[in-house]
Structure formats: structure tokens, C-alpha cells
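**Student:** This is the structure, below, for whatever I ask next.
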Amino acid sequence: MIDKNDFKALFDEYYESIRLYIYYKIAEKDAADDMAQDVFMAVWEKRSEVSIQNIKALLYKIAAGYIVDYYRRCDVKADFKKWISCTFIEASVSTNEQAEYNEMMQLYANALNCMADGQREVFMMNREEQLTYQEIAERLRISVKTVEKRMSGALKVLKNNMLTL
Amino acid sequence: MKRLDNKITAVPHWDKTADQIWNERFAVLTDEDGKEGNDGQTSSSKIVSLKGRTRYILSVAAAILVIITTTAFIYSKDINAVSGEIVSVHLPDGSIAQLSTGTSISYRPMLWIFSPCVTMSGEAYFTGSHAEGFSVKTKQGEIEVLGTSFNSRTYDDKFVVTCIEGKVKVKNLRSSVELTENMESTIINGKLKAEYVSDSESAVGWTKGVFSFYNKPLNDVLKDVARYYDVKIEKPEGIDTLRYTGKFSRQKSAEEVLTIIGQPYGLTFKICK
């Protein structure tokens, strides 16, 4: 049983993560945002049945279910090319450097596209959100060993794609 | 090999922050949703025997009461706006409802004091004091008026409420939302969504005799035109993704209007007879 205050706290803590998680899987921004809202709506509607202890993993589980539905509706391959971006911290970057960055961005997107779903979600949770292996394992309800294994698989794919540079 | 720089990210730039989403969709949820109070069941009844005259008077009074209440329930005002006209309706509380083409509303004048309630389908613009507040019922949901002016449209499966001024509350079976100025709620398939709109005035353009569209799907624009002139429009293929912005008078003929709309896309629309 959770009330509105619990729900708000839950939303504040996990909404960003959940929409990112869905995005890691489907590489669609708007659909991910909509789906994340549905996930929280589903939790709200079931609020009398859920307990605050295991809610973190539940959020990810509901999200995973919606993602499966999504793929059933539109069977498309996730493509990260259009979302990748680069912020330059230095004020001026030479065209030469810019070209280099562009190439690197392409390679990075390629690497993400090549990763298996399981590898990519773990890799991106770790890299984009700086979550620890322990935290990732708890959220996805898998063992830390599995996280490590997927991570090393993901890094291998990354290396293969980036080494051409 | 160069190291992958930390500045490169695959995370997109979200249109809305988590806070904005909370305010638009989740802030309105209340703990009480769906829970029904259970009271008023405790009054015990007493059997009283009555004699002669008193009994006669009481039964007559009861009969009259029954007749009055039945008429109150049966007597309802139904107003329909037929093709090409806008009808203004004065509601018992002094507020005004303007009905667009093809809209119908009904209410029970004699019951207004007890349950101020209007049933509608189509599109209507409500303005006025609404001091006591009434409710508008549609197939897809209900509006609770909290003193304001607002536009309500129900076409196809969509139920859209645009708040121009003040405050209204929109609810369906599952959820409810309070709208303030420049907010718009949409119910599709029982799902309620609310957002800020930059063009709330264009929602009521029809009351001023103009068509006013702001970044609207071309399909919806054509539907509006077809409804207003009561014609069928033949649509060319591949217009599903186009969006239209424009403003023009409703005095023109349907053909003229379709030429205006088609021009920027190089399209011509035909009216099927």
C-alpha cells in the first residue's frame, strides 16, 4: 500500500531512470516518455497492492512488459544514430577536431546498435547514469555476476567498433 | 586509439522535465479516487398509523409531489445546432453556451437547483459567471465547472476541453485533472492527458466566425471543415503527416476554403457529392 506522498517520492527518484531504461531498449524518445508515464500510472492504479520495499524492481519489470508490447506492435531495430550528441566544453573546436568527434559519435552509435539488448541496458545504465553494478543488479533483479558478464560483453563490442579509429 | 570522450552521450534531450510531467499528469491524482463513502444508511423507519382526513390530505400531497417530480425529471430542454449555424443557449444560472454546428445539448430546467447539469455532444463554448458551478456530461467524461470560460469538444472518440479563463475540472472513470488558463485536456480511449497550449484562443475561433488552426494535423483540419459545411471531402494519399497553421473567415464557401488550405501543399481537395 502506498499513498500519494510515497508515489511522488517514487516518481521523483525513478521517473528519469525509467524513461531512460525504456529508451535504452527502443531508442525512441517520445515513445519512451509516454511509456514511462504509463508505467507510473499502472503503479498508481495498483497502489493498494504494491509495497514500497520491492517497488524499484517492479517499476523495471512493468517497463520491460510494456517494451515487449511495443516490439510486438512495431518490429523495428533500435537505432541510436539520431540521438547521439556531443557537447564541447572548450569554446572553440577546430573543424578538424569536429570531424573527428563526428566520426567517433557515429562509431559509438554503431557500437550501441550492435550490442545485445541485455548488454546495452547494463552498459548504458552504468555509463549514462553512473549507476553501480550493485544498483543495476538490484533494479533489474539479476546477480552482480551477470551485470559484470554483460558489461564485459558490451565493452568487447565497443572495442571492436572503436578500434578502427 | 583515442579514448571515448565523456562528452559524447546517447541520451536524448527530453521535451519535458520529470517535474513538468508530474504537474501535467500525476499531480492531480488523489488518494480518494475510486473509494466510495458509505453513510446515510442508518436512519430507521417508523410505522405511523394515520386516520381519516389527515390521511387523505397526505395522500393528495404525496400524489402532487410525485407528479411534480416526475415532470421535473421528464421535462428537459434539448437544443440542436444544425449545419452552418451557431446557437447561443442561456443556461438557468446566467451563463451562455455557444453551440457549434452539429452540436446538441440538453438539461433539465426544473431540476437545475438540485443538480445543475448539462449533457452534450459535439462542440460548445461556455462563458459566464457560473457562480454555483454546474457540470457538463459527455459520453467520454465529465466537466466540473469552477467559475470560468472553456471550450469542450467531443468528436469521434476524442474529448478535448480547453480552458480559456478560470478553472475547470475534467474527469472520467479513472482519473481527473484541474485545468487553469491555457490548459487543454484530452481523453482518448479513456486515457486522460493535460497540457499547456500556446493557442487556446484558436480553440474558440469558431465562435467568432473564423477557422483558426495552429499546428494541427491536416486530417483534423479537413474533418473540421467537412463537419462545418456538412460535406464529404476526398483526401489525397500521404497527407497523414502534414500539419497546418492558418486563420480565415467562415463566410467563404467550402470550395474556397479548401483551395486556401490546399495551396501551401500544392494539393487540391475535392468535395464528393
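**Student:** Would you tell me the mean number of C-beta atoms belonging to other protein chains that fall within 10 Å of each C-beta in A:122-134, as a whole number?
**Tutor:** Per residue, the number of nearby Cβ atoms from other chains is 1 on average.
**Student:** Hey, what's the Cα Rg ratio for chain A versus the globular rule of thumb, 2.2 N^0.38 Å?
**Tutor:** 1.16
**Student:** Now a separate question. Tell me, what HN-Hα J-couplings in whole Hz come from the Karplus equation 6.51 cos²θ - 1.76 cosθ + 1.60 at θ = phi - 60° for each residue of segment B:196-209, using x for Gly and Pro?
**Tutor:** Along segment B:196-209, the couplings run 7, 10, 8, 10, 4, 5, 5, 5, 10, x, 5, 6, 9, x Hz.
**Student:** Now a separate question. When averaged across all projection directions, what area in nm² does the alpha-carbon convex hull of the protein assembly as shown cover?
**Tutor:** Across all orientations, the protein assembly as shown yields a mean hull projection of 31.6 nm².
**Student:** What residue among B:MET110, B:VAL28, B:VAL168 has its Cα farthest toward the positive end of the dipole of chain B, where the charges are +1 on Lys, Arg and -1 on Asp, Glu, each on the Cβ?
**Tutor:** B:MET110
**Student:** Spin-label point model (7 Å from Cα, Cβ direction): what's the B:ILE260 to B:ASP19 distance in nm?
**Tutor:** Between B:ILE260 and B:ASP19, the simple spin-label model gives 4.2 nm.
**Student:** How high is the relative contact order of segment A:4-73, in percent, with contacts defined as C-alpha pairs under 8 Å that are six or more residues apart?
**Tutor:** It rounds to 37 percent for segment A:4-73.
**Student:** What number, in percent, do you get for the relative contact order of chain A if the mean sequence gap of Cα pairs under 8 Å and at least 6 apart is divided by its residue count?
**Tutor:** RCO, chain A: 24 percent.
**Student:** Stretched out fully, how many nm does the piece from B:SER106 to B:ILE64 gain, at 0.36 nm a residue minus the Cα gap?
**Tutor:** Separation in residues times 0.36 nm, less the Cα-Cα distance, equals 12.6 nm.
**Student:** Related question: Mean-square fluctuation check for chain A, GNM, Cα pairs under 10 Å: which of A:GLN106, A:GLN130, A:GLN98 is largest?
**Tutor:** A:GLN98
**Student:** Taking the Cα-to-Cβ direction at B:LYS270 and at B:LYS235 and moving 7 Å from each Cα, how far apart do the two end points lie in nm?
**Tutor:** For the pair B:LYS270/B:LYS235, the computed spacing is 1.7 nm.
**Student:** Given contacts defined as C-alpha pairs under 8 Å and at least six residues apart, what's the relative contact order of segment B:209-272, whole-number percent?
**Tutor:** Reported relative contact order: 45 percent.
**Student:** Follow-up. Hey, got the dipole for segment B:78-200? About the Cα centre, +1 on K and R Cβ, -1 on D and E Cβ, debye to the nearest 20?
**Tutor:** For this selection, approximately 420 debye.
**Student:** Need one number: the % of Cα-Cα pairs in chain B sitting beyond the 33 Å mark.
**Tutor:** 40 percent
**Student:** Per residue, how much space in cubic angstrom lies within the convex hull of the C-alpha atoms of segment A:73-165?
**Tutor:** Once divided by residue count, the hull of segment A:73-165 is 121 Å³.
**Student:** About its Cα centre, how strong a charge dipole does the protein assembly as shown have in debye, to the nearest 20, once Lys and Arg get +1 and Asp and Glu get -1 at the Cβ?
**Tutor:** Around 1160 debye, computed over the protein assembly as shown.
**Student:** Still on this structure, please answer the following. Residues of segment A:45-78 with amide nitrogen under 17 Å from the 7 Å Cα-to-Cβ point of A:ALA116?
**Tutor:** Inside the label zone: A:78.
**Student:** Using a Gaussian network model of chain A with C-alpha springs under 10 Å, which one of A:THR132, A:THR146, A:THR95 is most mobile by mean-square fluctuation?
**Tutor:** The residue with the greatest mean-square fluctuation here is A:THR95.
**Student:** Kindly point out which whole DSSP H helices in chain B project their C-alpha atoms 20 angstrom or further along the helix axis while averaging a Kyte-Doolittle hydropathy of 0.5 or above.
**Tutor:** Passing helices, by number: B:52-74.
**Student:** Between segment A:7-38 and segment A:112-135, how far is it from one alpha carbon centroid to the other, in angstrom?
**Tutor:** Segment A:7-38 and segment A:112-135 have Cα centres separated by 15 Å.
**Student:** State, to one decimal in nm, how far the label point of B:LEU173 lies from the label point of A:ASN102, with both points 7 Å from Cα in the Cβ direction.
**Tutor:** In this crude label model, B:LEU173 to A:ASN102 measures out at 5.5 nm.
**Student:** From the Cα trace of segment A:4-73, what convex hull volume per residue do you get, rounded to a whole Å³?
**Tutor:** Dividing the Cα hull volume of segment A:4-73 by its residues yields 80 Å³.
**Student:** Would you compute, from DSSP H runs of 4+ residues alone, the mean residue ellipticity of chain B at 222 nm, taking -39500 (n - 2.57) per run and dividing by the full residue count, rounded to the nearest 500?
**Tutor:** So the helix-based figure for chain B works out to -5500 deg cm²/dmol.
Only the coordinates and a few stated rules stand behind these numbers; no lab work does. Just so it is clear, the structure is predicted and the values come from calculations on it, not from any experiment. So basically every Cβ, Gly included, is an ideal-geometry build from the backbone, and we count neighbours across all protein chains shown.
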